[in-house]
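The values are calculated or read from the model by the stated rules, or taken from the named source; none is laboratory data. Just so it is clear, the structure is predicted and the values come from calculations on it, not from any experiment. Virtual Cβ from ideal backbone geometry, glycine too; neighbours counted across all protein chains shown. SASA here: full protein model, heavy atoms, side chains in, ligands and nucleic acids out. Shrake-Rupley method; radii C 1.70, N 1.55, O 1.52, S 1.80 Å.
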Amino acid sequence: MSILNVAKGMGVTLSHLFKKPVTVQYPEEKAQIQARFRGRHHLLRHPDTGLEKCIGCSLCAAACPAYAIYVEAAENDPDDPTSAGERYASIYEINMLRCIFCGFCEEACPTGAVVLGHEFELADFRYDHFVYGKEDMLVGVKGSKWQRREAERKGGEVELGFQAGPRPELEGVDY
Amino acid sequence: MDPLWVIFLKAFVMSVLLLGGFAYLTWYQRRLLGRFQHRLGPNRTGPFGLLQPIADAIKMIFKQDVTPTRADKFVFILAPGISVVFALVTFGAIPAGPANSFFGLDPWILDLDIGLLYVLATTSIGVYGIFLGGWAANSKYSLLGSLRSSAQIISYELGLGLSVLSVIMIAGTLNLREIVELNVWSVSPWLWPGLIVALFAFWISATAEVSNVPFDLPEAEQELVAGYITEYSSLKFALFFMAEYVGMINASAIIATLFLGGYKGPAFFDLLIPGMSEWPFIWLILKIVLLLGVFIWLQASLMRMRYDQLMRFGWVWLFEIALGAALLTGAVIAFVL
Ligand code: SF4
Ligand code: SF4
């Protein structure tokens, strides 16, 4: 370690002292997230008919390395179908504590029904609050369970702490 | 000379202030280190994160205090006490202003004729806290850490002692207040080369004495799980940290006093407000804060040295450089002046 090198190194750190910090003051400032960020799942609908894309085939559950998905399928009522296929998922649950956000479910899905969105603020207090059902993931539901409870308590809108670019797979999700 | 009870009172106030200084030094360090690394540092607790040290203290107090079963209980408790007491005691000899300048009181606690010797002695006694702490914990990591630390501190004491020789020779006294009053730089420009080298050597030795980066081997969190404090928790851990940080304050104060004019401000401030350079406390505190900033700057820039590098640097380089500075100054005093 020569004196010159030390001086050079100290010059470098000194020059950094006067640069603007890169810190994002997160809850107040919105985190900038890449469009391909993998967060909480969305269950999509066909935009034209409004029918659910999910046909209850359980391929996502089979692909999931963390065994986080539970699907139960039921026959569609031909007069008032829930999904576009023969069957639909009567129960569709993902355990967010088990999920490792790998995106395998999204890859496995033949209809593009389950897509990983951008939401990452999933912290909660009780174990069962981490099991997200259809009512928590169907397109149009915004925010994590806790965020929605909190918004209801305060009587306001769900506020998300991030901004992300658009992603074509996320049909009908505008954040 | 103040009455005895005033001296006790001053000592008490100084201890409290130093402990507060320790708390806010951690804040200063974390904020500044953050800025060096493009971060903001802790800014959540209170305005600018100013309440962070208090939150840390509360957390520290409520931590479980574990004493290892095989530890030597008495020494285990004694060691952090030694460390922190001698760190605090060192500061007592440092003058913070001219005589009678603080509302008729002297802004120092002890005005010793052997002030410099006293400072060097008390800083070295601090190593007992480290060594005994490492030994009493009865753990190999602690022992290794404390052995490293003792060897390091004893080695760099040489550099410390030799580099102050120049100042002592010029000033002709060990009294810190007289050294400040004399202002070693004003004696003769011929002495400047020796003094600059001495300042440099003293700085490096002091960095090693207070185990600051790049000489932070005693702690070496990454290899030694924090060295001699491995087995310490809760308040005792905090005491060791306190000792280390107060040591940093002491080192800055001593460097300021010996080499940078101590409690005196730059003379041109007298043109603005007459007598400003003689105001007590502010100049010393300002210099301490600046020098601490440089210590933190070092922390942000340098890596820890390897143990053999540390020893070689101490004995082969620093020792010789400090000796050279002393010889140079001696020669100038003997033959030129
Ligand atoms: S993202 Fe991966 S872990 Fe999570 S549910 Fe899908 S397949 Fe399972
Ligand atoms: S989400 Fe896709 S893979 Fe999973 S059950 Fe529905 S259709 Fe099948």
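A plus B alone minus the pair: what accessible area, both sides summed, probe 1.4 Å, in Å² to 100? Write down the numbers at each step before the final one.
Numbers: alone 11150 and 16510 Å², together 26120 Å².
Interface area, both chains combined: 1500 Å², rounded to the nearest 100.
Sequence gap at least 6, Cα distance under 8 Å: using those rules, report the relative contact order of chain A to the nearest whole percent.
Working: 290 pairs, mean separation 46.8, N = 175.
Computed value for chain A: 27 percent relative contact order.
Peptides B:229-240, B:10-21: what's the order by average Cβ count within 10 Å, highest mean first? Don't jump to the answer; show the numbers that get you there.
Values: B:229-240: 21.4, B:10-21: 15.4.
So the peptides B:229-240, B:10-21, ranked by packing, come out B:229-240, B:10-21.
Checking the cross-link filter: which lysines have an alpha carbon closer than 25 Å to that of A:Lys20, excluding same-chain neighbours under 8 positions apart?
A:Lys8, A:Lys30
Have a look at A:Asn5, A:Leu51, A:Ile33 and report the one farthest towards the positive end of the charge dipole of segment A:1-57, computed about the Cα centre with Cβ charges (Lys/Arg +1, Asp/Glu -1).
A:Asn5
Straight-line reach from B:Lys264: which aspartates and glutamates fall under 16 Å, measuring Cα to Cα and dropping same-chain residues less than 8 apart?
Of all the aspartates and glutamates, those that pass the test against B:Lys264 - Cα under 16 Å, at least 8 places apart if same chain - are B:Asp106, B:Glu178, B:Glu181, B:Glu278.
Mind giving me the FRET efficiency for A:Cys102 and B:Val294? R0 is 56 Å, r the Cβ-Cβ distance, nearest 0.05 is fine. Spell out each step's value before the answer.
Details: r = 48 Å, r/R0 = 0.86.
Between A:Cys102 and B:Val294 the formula returns 0.70.
Out of the total accessible area of segment B:66-336 (probe 1.4 Å, heavy atoms of protein only), what percent is carbon and sulfur?
Values: 8490 of 11480 Å².
Answer for segment B:66-336 is 74 percent, counting heavy atoms of protein chains only.
Rounded, prolate or oblate, given the Cα gyration tensor of segment B:66-336, with a/c below 1.5 counting as rounded?
prolate
Give the cross-link partners of A:Lys142 among the aspartates and glutamates, using a straight C-alpha distance below 18 Å as the criterion and excluding same-chain residues fewer than 8 apart.
Answer for A:Lys142, where 18 Å is the Cα cut-off: A:Glu52, A:Glu93, A:Glu119, A:Glu121, A:Asp124, A:Glu150, A:Glu152, A:Glu157, A:Glu159, A:Glu169, A:Glu171, A:Asp174, listed by chain and number.
Could you check what % of the DSSP bridge pairs in the protein assembly as shown are antiparallel, to the nearest 5?
Numbers: 14 of 19 bridges.
Expressed as a percentage, antiparallel bridges in the protein assembly as shown total about 75.
Which of rounded, prolate, oblate describes segment B:267-337, given a ≥ b ≥ c as roots of the alpha-carbon gyration tensor eigenvalues and a/c under 1.5 marking rounded, otherwise prolate only if a/b is larger than b/c?
Values: a/c = 4.45, a/b = 1.35, b/c = 3.30.
It is oblate, given that a/c is not under 1.5 and a/b is not larger than b/c.
How high is the relative contact order of segment B:66-336? Use alpha-carbon pairs under 8 Å, at least six apart in sequence, and give a whole percent.
Values: 437 pairs, mean separation 72.3, N = 271.
Over segment B:66-336, the number comes to 27 percent.
Working from Cα positions, state the angle (0 to 90°, nearest 10) between the long axis of helix B:282-301 and the longest principal axis of chain B.
Helix B:282-301 sits at roughly 50 degrees to that axis.
What order do you get for B:99-108, B:127-136, B:161-170, B:69-78 when each peptide is scored by the mean count of other beta carbon atoms within 10 Å, highest first? Write out the running numbers ahead of the final one.
On the way: B:99-108: 15.9, B:127-136: 24.4, B:161-170: 22.9, B:69-78: 13.8.
The densest-packed peptide leads the list: B:127-136, B:161-170, B:99-108, B:69-78.
Could you report the protein assembly as shown's accessible area per residue, 1.4 Å probe, as an integer in Å²?
Numbers: 26120 Å² over 512 residues.
I get 51 Å² per residue for the protein assembly as shown.
Rounding to the nearest 10 and keeping the result within 0 to 90°, find how far the Cα-based axis of helix A:3-17 lies from the longest principal axis of chain A.
50
Angle check, please: helix B:73-91 long axis (alpha carbons) against the longest principal axis of chain B (alpha carbons), in degrees 0 to 90, nearest 10.
It works out to around 20 degrees.
Along Cα→Cβ, 7 Å out, is where each label goes; now give me the distance between the ones at B:Met60 and A:Val22 in nm to one decimal.
Spacing of the two 7 Å Cα→Cβ label points: 3.2 nm.
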